[in-house]
Amino acid sequence: MGSGHSDSTLATSEQSSHSAPSVEKPTTQTMSRWTRSEGEDVPIEGAAAAPDLSPNRSTEGGSANLQRSPSYGNGYGCTAFNDDEGTTKDAEKGQDPNKQFEVRFDGDSDPMNPRSLSKTRKWVIVAIVSAGSTCVTCASSMYTLTYGQITTEFHVSRVVATLGLSLFVMGLGLGPMILGPLSEFYGRRPVYVFSFGCFLVWLIPCAVAENIGTELVSRFIDGIAGSAFLSVAGGTVGDMFVRNELQAPMMIFTASPFIGPPVGPIIAGFINQYTTWRWTFYVLIIWSALMLGLIVLGVPETYHPVLLRHKAAKLRKETGDERWKAPIEIMQRSILQTILRSCYRPFLLLTLEPMVLNLCLFSAILLGVLYLFFGAFEIVFTNNHGFELWQVGLSFTGLLVGQLVAIGTDPLWHNNYLRLLRKKEEEDGESGGSEPEYRLPPAIAGGILVPIGLFWFAWTTYASVHWIVPIIGSAIFAAGMLLTFSGIFTFLVDAYPLYAASALAANSFARSSFAAAFPLFGDQMYNKLGYQWATTLLAGLTVIMAPFPYLFFRFGRRIRGNSRFASGR
């Protein structure tokens with residue numbers, strides 16, 4: 001997130017562990033091949049994922065089969081897409097020599113395959129990574145209710161204190177581009193443990209800081225550390241579940257980062273009302289230490305290429321034959337090359353792709369408004385309704401309820417997606433057809449709800465109007481925001497299958513940039529323009545951006561046809 005947080009459920013997963021033919025080896029085992037890139041399950045040459053599609057389609061030349069791969073993400077990272085065309089080439093190069101010695105899984109029942117874990121164990125892991133994601137994003141907003149005490153103790157202005165929020169959110173946007181690709185080489189578990197450990201460590205100077213400089217630097221580094229966890233956690237869920245099991249766990253995980261920001265002030269309101277601001281961070285330290293312990297004890301390595309590397313090492317030791325290799329050991333890519341590509345390609349997409357630019361701008365404005373509200377709510381409800389700090393925190397319940405309602409509508413949007421698929425099949429006379437634009441209806445609905453919620457909030461922020469009325473408006477805004485994120489994330493993943501991680505990284509960077517900037521001028525804007533016109537200005541921005549999901553739903557295929565990055569079909 002900026003909690004990033006979610007879409008409700010992103011694209012569902014195709015089971016691909018049986019995609020390769022069996023190959024004989026000295027033992028009696030037969031294993032199925034996996035190749036991965038950027039934390040993603042990637043059969044050779046990734047293609048846009050869509051539920052209920054036929055597994056293969058041929059390219060224009062008719063010579064190659066493109067296998068549908070799983071896709072899922074939460075706006076901070078993408079799983080199961082090849083975001084690096086070099087990966088495809090490397091994988092292809094690695095298939096020819098000694099192909100019979102390529103290490104494979106023994107299907108989903110293979111003890112080393114995370115899909116062989118018991119259902120209870122899988123759900124425990126989902127609960128741990130989801131709670132960890134909520135903890136990270138909750139840390140961004142809990143800080144906002146410490147402003148009153150921090151400005152007094154450190155003798156700084158409210159704008160300077162707000163930098164602690166802006167720098168943390170900026171770290172959330174920058175971290176995935178730098179740290180996320182490391183999981184491609186080392187696996188998910190080392191990134192989990194290291195990043196969450198650093199997140200915990202850098203909460204300590206936040207809690208004991210004696211000056212504002214220490215506070216701000218610690219917050220920025222803490223945001224970067226937390227972002228690495230967010231960028232790879234979604235892949236763990238996809239590693240464990242096959243397609244027909246994936247929707248429920250992914251709905252829970254992808255929602256978890258977005259629940260954190262409204263939950264943070266609810267908790268922090270009581271803390272800062274009745275004790276010192278430092279207990280805001282003490283609570284986060286306790287929570288994070290508990291989560292780190294659960295991660296270390298309860299979350300195993302699930303990244304298939306790394307597990308196959310372990311299996312290959314075991315086979316070499318057992319057989320004495322050094323020719324046994326996992327696909328990840330064959331591919332020729334350096335860590336530096338991958339990180340550099342991860343850093344520059346998102347900006348390339350933002351510059352050259354109008355759909356990426358406009359949808360990312362829309363997402364950025366929405367998250368910017370959300371984080372601006374962390375200061376605006378305190379001004380509005382304190383001055384209009386005489387709220388104490390704990391009551392200001394509870395006023396964010398409307399945002400939380402709105403998001404939960406939007407999450408609950410996920411089955412409706414999934415059924416609508418299937419309806420569009422059936423309609424296309426009837427029109428084309430062939431099964432397996434899909435369009436990335438079919439992912440956009442939630443964003444279209446969200447684009448309508450967002451300005452309604454903001455205008456509602458704007459013109460009910462009078463002392464004479466009961467406080468519940470503007471809170472209802474904030475709930476409508478939050479529901480629309482989550483639906484918009486859901487549609488945009490899944491559309492970007494499906495429309496840019498070879499560059500999905502870069503498309504989501506571009507979105508994450510844009511969102512985090514706006515979420516970092518908006519709070520810095522929010523208080524001044526509300527005090528200068530007045531509560532009604534300040535919020536109306538924000539609503540006007542969303543009105544300008546709201547048509548883009550619909551326009552891309554209607555004309556996206558034509559635009560993709562002229563794109564050098566998007567899928568043309």
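The values are calculated or read from the model by the stated rules, or taken from the named source; none is laboratory data. Because the structure is a prediction, the values reported are computed rather than measured. Cβ atoms come from the backbone with ideal geometry, glycine included; neighbour counts cover every protein chain shown. Accessible surface is based on the protein model in full, side chains and every heavy atom, while ligands, DNA and RNA are left aside. Shrake-Rupley method; radii C 1.70, N 1.55, O 1.52, S 1.80 Å.
Being open to solvent by 60 Å² or more (accessible area, probe 1.4 Å) and not hydrophobic (A, V, I, L, M, F, W, C) is the filter here; which residues of segment 274-319 pass it?
Tyr274, Tyr282, Arg309, His310, Lys314, Lys317, Glu318
Being over 15 Å from the mean Cα position of the chain (by Cα) and open to solvent by 10 Å² or more (accessible area, probe 1.4 Å) is the filter; apply it to segment 171-183 and report the residue that is farthest from Ser502 (Cα to Cα).
My answer is Leu182.
Return only the number of the condition from (1) closer than 26 Å to Met251 by Cα; (2) surrounded by 24 or more Cβ atoms within 10 Å (Cβ to Cβ) that Ala546 does not satisfy.
(2)
State whether one or more residues within segment 189-198 are part of a helix (DSSP H, G or I), of a type in the set (D, E, K, R), touching an Asp or Glu at 6+ places or on another chain (Cβ under 9 Å) and open to solvent by 10 Å² or more (accessible area, probe 1.4 Å).
Within segment 189-198, one or more residues are part of a helix (DSSP H, G or I), of a type in the set (D, E, K, R), touching an Asp or Glu at 6+ places or on another chain (Cβ under 9 Å) and open to solvent by 10 Å² or more (accessible area, probe 1.4 Å).
Quick one: is Tyr344 surrounded by 16 or more Cβ atoms within 10 Å (Cβ to Cβ), within 22 Å of the chain's Cα centre (by Cα) and of a type in the set (Phe, Trp, Tyr)?
Spelling it out, it is not the case that Tyr344 is surrounded by 16 or more Cβ atoms within 10 Å (Cβ to Cβ), within 22 Å of the chain's Cα centre (by Cα) and of a type in the set (Phe, Trp, Tyr).
Please determine, by comparing only the residues of segment 390-416 that are part of a helix (DSSP H, G or I) and open to solvent by less than 10 Å² (accessible area, probe 1.4 Å), which one is farthest from Gln247 (Cα to Cα).
My answer is Val392.
What are the residue pairs meeting all of these: first residue in segment 255-273, first residue within 16 Å of Ala479 (Cβ to Cβ), second residue modelled with pLDDT of 95 or more and not in a helix (DSSP H, G or I), Cβ atoms under 6 Å, and 6 or more apart or on different chains?
Within 6 Å, the pairs are Pro262/Phe396.
Enumerate the pairs (first residue in segment 307-318 and closer than 15 Å to Asp106 by Cβ; second residue anywhere and part of a helix (DSSP H, G or I)) with beta-carbon separation below 7 Å, excluding pairs fewer than 6 apart on the same chain, so at least 6 apart or on different chains.
Leu308/Pro327; Leu308/Ile328; Ala312/Glu329
Would you check which residues across segment 516-553 are at negative phi and outside any helix (DSSP H, G or I) and list them?
Listed by number, the list holds a single entry, Ala546.
Step by step: first the residues of segment 139-170, then only those that are over 24 Å from the mean Cα position of the chain (by Cα) and aliphatic (A, V, I, L, M), then the one that is surrounded by the most Cβ atoms within 10 Å (Cβ to Cβ). Which residue is that?
Out of the qualifying residues, it is Leu145.
Among the candidates Ile335, Ile328, Ile339, single out the residue that is in contact with a strand residue (DSSP E or B) (Cβ under 8 Å, 6 or more places away or on another chain) and either more than 27 Å from Pro451 (Cα to Cα) or buried (at least 21 other Cβ atoms within 10 Å of the Cβ) (or both).
That would be Ile328, the only listed residue that is in contact with a strand residue (DSSP E or B) (Cβ under 8 Å, 6 or more places away or on another chain) and either more than 27 Å from Pro451 (Cα to Cα) or buried (at least 21 other Cβ atoms within 10 Å of the Cβ) (or both).
Quick test for you: out of Gly132, Gly107, Gly75, pick the one residue that is open to solvent by less than 10 Å² (accessible area, probe 1.4 Å), assigned to a loop (DSSP other than H, G, I, E, B) and either more than 30 Å from Leu174 (Cα to Cα) or at pLDDT 90 or above (or both).
Answer to the selection: Gly107.
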